[in-house]
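Following: one structure in structure tokens, then a few remarks.
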Amino acid sequence: MRYSTTAIVLAAMTVGEAVAGPTHAHLHRKAHEKKDVDWAALDWADMDVNWAAAYSSGLAEKAGATAAAVAPAVTTVAAAVAPAVTTAAAAAVPTTTSASSAVADVKSDVESGVESLFAGVVGVANSLTSFGGSSNPSGSAGDFYIGEVGSPYGTNIIKVDSIDGYDFTNTFTNSQSSAITINIWNKVGHDGQPLSGSALAPKSTTLTFALAPGKSQVVAFMENSQVGWAQAVSETAASGAFATSWGEANFLSAGSGYDLSAIMNPSGNNYKMSISSVEAPACTSDQTQNFWLTATDPVGGSDGSCFIAQSTAHLTTVMGGTF
């Protein structure tokens with residue numbers, strides 16, 4: 001995406017760099033196909049992530065366990081991260097507010113026919129009920145811009161019951177006949193890399209939740225969050241990211257944007273997803289309009305994206321699966 005012609009709307013989707021006009025296609029491609037980091041060689045044991053606890057949590061949900069699951073520890077971006085800095089500072093994930101709410105959530109999922117999260121991946125924000133502090137976004141527009149990721153890391157994204165009281169939300173609906181897991185990641189990964197969030201998402205992500213057929217979930221975001229989401233699938237790209245179509249959004253009080261991107265989908269444009277908003281009802285991004293078909297092929301008069309000029313953004317994303 002890019003700045004609108006009125007320079008009101010900052011356009012940088014998940015991929016999320018804050019970029020200006022002509023450079024968008026180039027940076028959009030770089031974000032989706034980031035390869036200057038050898039993700040396969042990463043030392044996952046040295047990331048301060050309690051993988052065993054995350055795995056146990058996934059199994060506990062599948063077995064109908066409630067508050068016995070332990071939230072994984074994560075690393076968080078330092079309070080003021082310079083654009084070129086790639087290290088991260090450790091921080092603990094806030095605990096759940098109550099065991100009873102965890103019981104209700106698991107019981108609801110089980111009753112809806114959702115057995116567990118895909119691959120047992122538990123996001124660092126799964127148990128949160130409120131936002132954390134600001135991570136002090138830094139850098140100028142471009143590849144190395146670091147937006148809001150919350151402090152501790154991941155506390156800029158939470159599940160909520162309603163859009164009321166939140167300026168930036170996305171209501172996810174599963175229109176498929178089977179349950180799915182939705183994975184939402186920050187453009188900036190927990191390692192502090194400006195473009196690593198998508199590559200880390202299948203193993204270490206910000207928020208995951210299961211949706212039964214026909215069910216919906218509202219997710220709220222802090223201002224200046226650059227995020228992406230996808231139905232969790234087993235196939236991944238060379239970078240490590242989900243090899244399917246993504247949804248992307250940039251939430252800003254100065255104007256937001258959203259789009260569907262098929263860039264990472266090896267099967268081409270075969271995933272049904274539509275993204276619309278209350279603030280820009282005339283613009284829907286789906287597999288037929290206002291989306292990115294390839295890294296150099298935006299479809300639609302709005303440069304492959306939809307733009308919101310207002311100070312709020314309330315999106316609705318319908319996930320329809322492959323066709």
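Values as computed for the structure displayed
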{"quantity": "Residue selected from the stretch 128-150 under the condition more than 13 Å from residue 224 (Cβ to Cβ) and part of a strand (DSSP E or B), by the criterion modelled with the highest pLDDT", "calculated": "133"}
{"quantity": "Check on residue 305, surrounded by 20 or more Cβ atoms within 10 Å (Cβ to Cβ), over 28 Å from residue 121 (Cα atoms), in contact (Cβ under 8 Å) with a residue 12 or more places away in the chain and of a type in the set (S, T, N, Q)", "calculated": "yes"}
{"quantity": "For residue 270: the one exception among (1) in contact with a strand residue (DSSP E or B) (Cβ under 9 Å, 6 or more places away or on another chain); (2) closer than 23 Å to residue 197 by Cβ; (3) among the polar types (S, T, N, Q)", "calculated": "(2)"}
{"quantity": "Test result for residue 197, surrounded by 24 or more Cβ atoms within 10 Å (Cβ to Cβ), without any contact (Cβ under 8 Å) to a residue 24 or more places away in the chain and either more than 23 Å from residue 267 (Cβ to Cβ) or touching a Ser or Thr at 6+ places or on another chain (Cβ under 8 Å) (or both)", "calculated": "no"}
{"quantity": "So residue 228, is it in a loop (DSSP other than H, G, I, E, B) and modelled with pLDDT of 95 or more", "calculated": "no"}
{"quantity": "Filtered residue count, the stretch 260-284, keeping only those that are under 18 Å from residue 218 (Cα atoms) and buried (at least 24 other Cβ atoms within 10 Å of the Cβ)", "calculated": "3"}
{"quantity": "Number of the exception - residue 158 against (1) over 13 Å from the mean Cα position of the chain (by Cα); (2) among the aliphatic types (A, V, I, L, M); (3) assigned to a strand (DSSP E or B)", "calculated": "(1)"}
{"quantity": "Qualifying residue in the stretch 260-276 (condition: over 21 Å from residue 118 (Cβ atoms) and over 17 Å from the mean Cα position of the chain (by Cα))", "calculated": "yes"}
{"quantity": "Residue 204 vs. criteria assigned to a loop (DSSP other than H, G, I, E, B) and farther than 18 Å from residue 125 by Cα", "calculated": "no"}
{"quantity": "Residue tally, condition over 29 Å from residue 143 (Cα atoms), of a type in the set (S, T, N, Q) and either in contact with a helix residue (DSSP H, G or I) (Cβ under 7 Å, 6 or more places away or on another chain) or assigned to a strand (DSSP E or B) (or both), over the stretch 165-180", "calculated": "2"}
{"quantity": "Given (1) part of a strand (DSSP E or B); (2) under 23 Å from residue 310 (Cβ atoms); (3) touching a residue at least 40 places away in the same chain (Cβ under 8 Å), number of the condition residue 260 does not satisfy", "calculated": "(3)"}
{"quantity": "Subset of the stretch 207-256 [in contact with an Asp or Glu (Cβ under 9 Å, 6 or more places away or on another chain) and free of Cβ contacts under 8 Å to residues at least 40 places away in the same chain]", "calculated": "243, 244"}
{"quantity": "Residues that are in contact with a Ser or Thr (Cβ under 7 Å, 6 or more places away or on another chain) and farther than 13 Å from residue 248 by Cα, drawn from the stretch 293-312", "calculated": "308, 311"}
{"quantity": "Residue satisfying condition, being under 17 Å from residue 195 (Cβ atoms) and surrounded by fewer than 18 Cβ atoms within 10 Å (Cβ to Cβ), within set 254, 249, 238", "calculated": "238"}
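The values are calculated or read from the model by the stated rules, or taken from the named source; none is laboratory data. Because the structure is predicted, anything quoted here is derived from the model rather than measured. Glycine also receives a Cβ, built like all others from the backbone with ideal geometry; neighbour counts cover every protein chain displayed.
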